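The values are calculated or read from the model by the stated rules, or taken from the named source; none is laboratory data. All of these numbers come straight from a predicted model, not from anything done at the bench. As a convention, Cβ positions derive from the backbone with ideal geometry for all residues, glycine included, and neighbour counts pool all protein chains shown. Ligands, DNA and RNA are stripped out before the accessible areas are found, and what is left, the full protein with its side chains, is counted by its heavy atoms. Shrake-Rupley method; radii C 1.70, N 1.55, O 1.52, S 1.80 Å.
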Amino acid sequence: MREHAAGNAWDNEFADLVLRIGARFTRVEPRRRARDYIRGLLGQVGRKNSWQLAEHAGHTTPDGLQRLLSRCRWDPDEIRDDLQAYVAERLGAEGGVLIIDDTGFVKKGTTSAGVQRQYSGTAGRTENCQIGVLAAYATTRGHALVDRELYLPKSWTEDRDRCRSARIPDARVFATKGELARNVITRALASPLPIAWVTADSAYGQDSHFRRFLEEAGLSYVVAVPKSQQVHGPRIDHLVGQAPPEAWQRLSAGSGAKGERFYDWAAARLPAVGEFDGDEPTRQRWMLARRSITRPDEIAYYLACAPLEATLADLVGVAGCRWKIEECFQSAKNECGLDQYEVRRYVGWYRHITLAMLAHAFLAVMAGQEREKGVPTGTHPTSWPSHQQKSAVCWQLAPATTLRTAAMP
C-alpha cells in the first residue's frame, strides 16, 4: 500500500510537470515526444541517447525524438522559465542560494558546437570537450539545476562559417564564462526564484567585475578566491596567516555523504570602501578562510559581502552550499543523462540540457517531499559578531576569548 501511494505521488507530480510545459509546444506530437523524452531520462535506460530513449518509450525508430531536439518548433528558453517557476514553487524559500559553476562534456571530433581542446574541471585536465556554465538553486528544501549557457571559445566565434554550420545564431558573439554567469544571474533575478545569496568557485570569485555586479544587483555573496587574491593591498593568504589562534572556529559547512563536514574557519570584517559604500554602509565585506582539520596546510580562501546582521555561521553555510552544484552535476549526469546526448548543433545542446535539467529538478522535488514527511532538520551553529572599525580588519573570535583587532598592514 505504501509503495502504491508513493507510485501515485510520482505519477501525479510527473503529470503536473508535463502539463506545465505543454503549452510550449504548438502540436500534440512534439508535446508527447517531450513527455516520452523526459520520462526516458528518468527511467532505467543504459545510455540516454535518442536510440535508447526511443526504445524505452516504445517507438520503432528514434526519428521522432531526434526531430524534437533538432527541427521541431519550440523554444528551450521558455521551458527553462517553466523550470525556474517549478523549482521556485516546490523548493523555493527565503535565503535561497544561487550557485554558479561550469562543467565539461567530453566529445569527439570538431563539429559539436563550442567543442575544442580546453581545460575541463570535470575531467581535471585538458580534453576535447564542450563547456557549459550552469546555475543551481539551493534551499533547505532541496537543490536543482535552473539555468545553462554554452561557452563558445574564440576559435568558434571568430569563424562565422563554422558557427553557421552548427546553427549558432549570428548574434551570438564571444563571451567569457564570467559574462555568461552574469547573464544567468540576471535571468534568475527576473524569475520567481527567491534569491538572497550567490556563491561560486575561484574562477568567478577572483573577478572583481563579477563581485561588483553582484553588489550592484543587491545580492549577498560568498565566493572562493585564490590564495594570491589581494585584499586592500596584501595577499589574502598573508592576512589569514596573521589571524590569532582564537580566531579559528570549528563549524560545519553542511552535511555530506559521511555526515557533517567540519572545518576550522576564520573570518574578518573588512573596512568599508567609501567610494562604493557611502558614509553609512548597508552591507559588510568579509574575508574567510577554511582550514582542513586533518591537513592544516590545506586552506581555502573566500571573499564575502553580506547584510550587516550576518554571522560567521551564515557565511559558512553559504560557502558550504557550493558543493551542492557538484552534487547536481553528478546526479544529473548519472541519473538524467545530462552528458549523454549525441547532438552536435547549438539548439540541440540547449534542448537536451534543458530537458535533462527538468528531469533532474523533478527528482529533487520528489526527494524534498520525502524529506518533508517527518525527517527533522538540523540547526545552524551560532557565532558572535565583533565590533567593526573602518580602518582595521576585525577577526571573528570564539566567545571565550577577548576581542582583538588585527590592523591592516
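Taking only region 298-348 into account, find how many residues are over 30 Å from Trp51 (Cα atoms), part of a loop (DSSP other than H, G, I, E, B), open to solvent by 20 Å² or more (accessible area, probe 1.4 Å) and not hydroxyl-bearing (Ser, Thr, Tyr). Break it down stepwise before answering.
Looking only at region 298-348, we keep the residues that are over 30 Å from Trp51 (Cα atoms), and these are 298-324.
Now narrow it down to the ones that are part of a loop (DSSP other than H, G, I, E, B): 298, 308-311.
Checking the rest, the ones that are also open to solvent by 20 Å² or more (accessible area, probe 1.4 Å) come to 298, 308-309, 311.
Remaining after also requiring not hydroxyl-bearing (Ser, Thr, Tyr): 298, 308-309.
Residues in region 298-348 being over 30 Å from Trp51 (Cα atoms), part of a loop (DSSP other than H, G, I, E, B), open to solvent by 20 Å² or more (accessible area, probe 1.4 Å) and not hydroxyl-bearing (Ser, Thr, Tyr): 3 in total.
Could you say whether any residue in region 364-374 is open to solvent by less than 90 Å² (accessible area, probe 1.4 Å), closer than 28 Å to Ala253 by Cβ and either at pLDDT below 70 or over 24 Å from the mean Cα position of the chain (by Cα) (or both)?
The first filter runs over region 364-374 and keeps only residues open to solvent by less than 90 Å² (accessible area, probe 1.4 Å), leaving 364-369, 374.
Filter once more, so that each one left must be closer than 28 Å to Ala253 by Cβ: 364-369, 374.
If we keep only those that are either at pLDDT below 70 or over 24 Å from the mean Cα position of the chain (by Cα) (or both) too, we end up with 374.
Among the residues of region 364-374, at least one is open to solvent by less than 90 Å² (accessible area, probe 1.4 Å), closer than 28 Å to Ala253 by Cβ and either at pLDDT below 70 or over 24 Å from the mean Cα position of the chain (by Cα) (or both), which makes the answer yes.
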Query - Any hit, region 203-211, residues being in contact with a strand residue (DSSP E or B) (Cβ under 7 Å, 6 or more places away or on another chain), crowded, with 22+ Cβ neighbours inside 10 Å and in a strand (DSSP E or B) - result: no
Report task. Inspect all residues belonging to region 285-294 and state whether any of them is in contact (Cβ under 8 Å) with a residue 60 or more places away in the chain, under 22 Å from Val316 (Cβ atoms) and part of a loop (DSSP other than H, G, I, E, B). Result -> no
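Mind telling me which of the residues Gly233, Gly218, Gly241 ends up being free of Cβ contacts under 8 Å to residues at least 40 places away in the same chain, open to solvent by 30 Å² or more (accessible area, probe 1.4 Å) and over 24 Å from Val97 (Cα atoms)? Write out each step before concluding.
Numbers: Gly233 fails: free of Cβ contacts under 8 Å to residues at least 40 places away in the same chain; Gly218 fails: over 24 Å from Val97 (Cα atoms).
The conditions single out Gly241.
Among the residues of region 73-120, write down those that are assigned to a helix (DSSP H, G or I) and either of a type in the set (A, V, I, L, M, F, W, C) or over 20 Å from Tyr37 (Cα atoms) (or both).
Restricting attention to region 73-120, the residues satisfying the condition of being assigned to a helix (DSSP H, G or I) are 76-91.
Result: Ile79, Leu83, Ala85, Val87, Ala88, Glu89, Arg90, Leu91.
Specify the residue that is surrounded by the fewest Cβ atoms within 10 Å (Cβ to Cβ); the eligible residues are those in region 244-259 that are free of Cβ contacts under 8 Å to residues at least 40 places away in the same chain and either touching a Leu at 6+ places or on another chain (Cβ under 9 Å) or not charged (D, E, K, R) (or both).
The residue in question is Ala257.
Could you tell me whether Arg182 is part of a loop (DSSP other than H, G, I, E, B), touching a helix residue (DSSP H, G or I) at 6+ places or on another chain (Cβ under 6 Å) and of a type outside the set (A, V, I, L, M)? Before the answer, list the steps.
Details: part of a loop (DSSP other than H, G, I, E, B): no; touching a helix residue (DSSP H, G or I) at 6+ places or on another chain (Cβ under 6 Å): yes; of a type outside the set (A, V, I, L, M): yes.
Considered against the rule, which asks whether it is part of a loop (DSSP other than H, G, I, E, B), touching a helix residue (DSSP H, G or I) at 6+ places or on another chain (Cβ under 6 Å) and of a type outside the set (A, V, I, L, M), Arg182 comes out as no.
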Query raised in the report: What residue, among those in region 64-75 that are over 28 Å from Ile195 (Cα atoms) and out of contact with any helix residue (DSSP H, G or I) (no Cβ under 7 Å at 6 or more places or on another chain), is surrounded by the fewest Cβ atoms within 10 Å (Cβ to Cβ)?
Result: Arg73
Report summary line: Every listed condition ((1) open to solvent by 20 Å² or more (accessible area, probe 1.4 Å); (2) at pLDDT 95 or above; (3) out of contact with any helix residue (DSSP H, G or I) (no Cβ under 8 Å at 6 or more places or on another chain)) holds for Asp11 save (2)
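Among the residues of region 146-167 satisfying the criterion of being in contact with a strand residue (DSSP E or B) (Cβ under 7 Å, 6 or more places away or on another chain) and more than 30 Å from Ala85 (Cβ to Cβ), which is least open to solvent (accessible area, probe 1.4 Å)? Walk me through how you get there before you give the answer.
Restricting attention to region 146-167, the residues satisfying the condition of being in contact with a strand residue (DSSP E or B) (Cβ under 7 Å, 6 or more places away or on another chain) are 146-151, 153, 155.
Right, trim to more than 30 Å from Ala85 (Cβ to Cβ) and you get 153, 155.
Numbers: Pro153: 4, Ser155: 54 Å².
Restricting to residues being in contact with a strand residue (DSSP E or B) (Cβ under 7 Å, 6 or more places away or on another chain) and more than 30 Å from Ala85 (Cβ to Cβ), the top hit is Pro153.
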Query raised in the report: Do you know which residues across region 76-132 are aliphatic (A, V, I, L, M), open to solvent by less than 10 Å² (accessible area, probe 1.4 Å) and in contact (Cβ under 8 Å) with a residue 60 or more places away in the chain?
Result: Ile79, Leu83, Val87, Leu91, Val97, Leu98, Ile99, Ile100, Ala113
